[in-house]
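The structure appears below as structure tokens.
The values are calculated or read from the model by the stated rules, or taken from the named source; none is laboratory data. The shown structure was predicted, so the numbers you read here are calculated from the model rather than taken from an experiment. Here the Cβ is made from the backbone with ideal geometry for all residues, glycine too, and neighbour counts use every protein chain on show. The accessibility values were calculated without ligands, DNA or RNA, using every heavy atom of the protein model including side chains. Shrake-Rupley method; radii C 1.70, N 1.55, O 1.52, S 1.80 Å.
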Amino acid sequence: MRGSLQAYKKVSVDSQLTAASPHKVIQMLMAGAIERLIQGKAAMLQGDIAGKGERLGKALDIIISLRTCLSMEDGGEIATNLDALYDFMIRQVTMANRDNLDAPIDDVIDILREIKSAWDQIPAEYHNITQADA
């Protein structure tokens, strides 16, 4: 049953990605990172070392992906600041995973929620703009 549910979720996410604007993809990545961090913290608190490592590893992959999506040439100071924040988050999650600390995970969740909140407020007319359009 669990395998079927996971397969359904994957198809659902894949379908959403196919139809998603660049803006929506970033929203989905941020939400996914937050979800994996929460799951990783819960696994840590339950003593599930394998689950913690898997979930925090997935969160790291997403944060790294978000960082690589930055256009440093076009993004100016905002891109530079986000790059520094993503670097900080990567270091915090790595430390939390290595040392079994939940406070750094909370810090990263808070930062991602702030960034996502700002991202969510971008007006709809800018959602489909890509670097080629700018």
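Here are the numbers for this structure:
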item: Residue match in segment 89-104 (condition: at pLDDT below 95, open to solvent by 60 Å² or more (accessible area, probe 1.4 Å) and acidic (D, E)); result: no
item: So R113, is it open to solvent by 50 Å² or more (accessible area, probe 1.4 Å) and either within 21 Å of P22 (Cβ to Cβ) or in contact with an Asp or Glu (Cβ under 8 Å, 6 or more places away or on another chain) (or both); result: yes
item: Any hit, segment 57-68, residues being open to solvent by less than 40 Å² (accessible area, probe 1.4 Å), out of contact with any Gly (no Cβ under 8 Å at 6 or more places or on another chain) and over 13 Å from T94 (Cα atoms); result: yes
item: Residues within segment 74-84 that are within 14 Å of the chain's Cα centre (by Cα) and either surrounded by fewer than 17 Cβ atoms within 10 Å (Cβ to Cβ) or within 14 Å of A33 (Cα to Cα) (or both), tallied; result: 1
item: Any hit, segment 38-46, residues being within 23 Å of D102 (Cβ to Cβ), modelled with pLDDT of 95 or more and assigned to a loop (DSSP other than H, G, I, E, B); result: yes
